[in-house]
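Some notes on the structure that comes next.
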Amino acid sequence: MKQKKIFMIFLMIFFICQVSGKSKKKKPNCKRTAFNRRTTNYQAWKEQMTICELLEGYDPAVRPFGQNPLMEKRGPVTIHTSLHIRSIGAVSEKNMEYVAQFRFQQEWFDERLRFTHHSEFRNFDFINVARDQKLWIPVWFFNIFNLSTIFEKRS
């Protein structure tokens, strides 16, 4: 009798795990909608449909192959970066601190997102991707700290 109860509990746990595992389907990385002339901007709608097609089977956890569009060989991913300082203000000479505002940009080539082979999409130079449509993005960090506090602690 005791073994039968344990077996039944085991079956219930197993069934619950199976059901909960099936319900955790991967959320689609796409927002497909029907075009409506009255309410939809055609260019934005066409961009979104292009993104839907490009992101089918796309895995954002896998880095691009690193193929340079001008070369045939594969290698590391070349990432072009730029940092545009927009303003520097609130400078404190005494505390050796300042406030800066800047824009950080990155650009790289990902063969998986190439859409030039579709003739109807050739009029796009760039496509706007929503934040919830995940793409591979290089890892970066800024090591920003106050040097004066480090020197004060050493003294």
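The values are calculated or read from the model by the stated rules, or taken from the named source; none is laboratory data. These numbers were taken from a predicted model, which means no experiment stands behind them. A quick note on method: Cβ atoms are made from the backbone with ideal geometry, for glycine too, and the neighbour counts reach across all protein chains shown.
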### Query
Inside the stretch 63-94, can you point out the residues that are aliphatic (A, V, I, L, M), exposed (fewer than 10 other Cβ atoms within 10 Å of the Cβ) and modelled with pLDDT of 80 or more?
Leu83, Ile85, Ala90
### Message
Tell me whether the stretch 108-116 contains one or more residues that are on the phi < 0 side of the Ramachandran plot, touching a strand residue (DSSP E or B) at 6+ places or on another chain (Cβ under 9 Å) and at pLDDT 75 or above.
### Response
yes
### Message
Of everything in the stretch 86-108, what is in a loop (DSSP other than H, G, I, E, B) and farther than 30 Å from Asp125 by Cβ? Give them in sequence order.
### Response
Glu93, Lys94, Asn95, Met96
### Summary
For the stretch 51-67, pairs from a residue that is closer than 9 Å to Leu135 by Cα to a residue that is part of a loop (DSSP other than H, G, I, E, B), with Cβ under 6 Å and 6 or more apart or across chains, are Leu55/Asn29; Leu55/Cys30; Pro60/Lys134; Pro60/Leu135; Pro60/Trp136
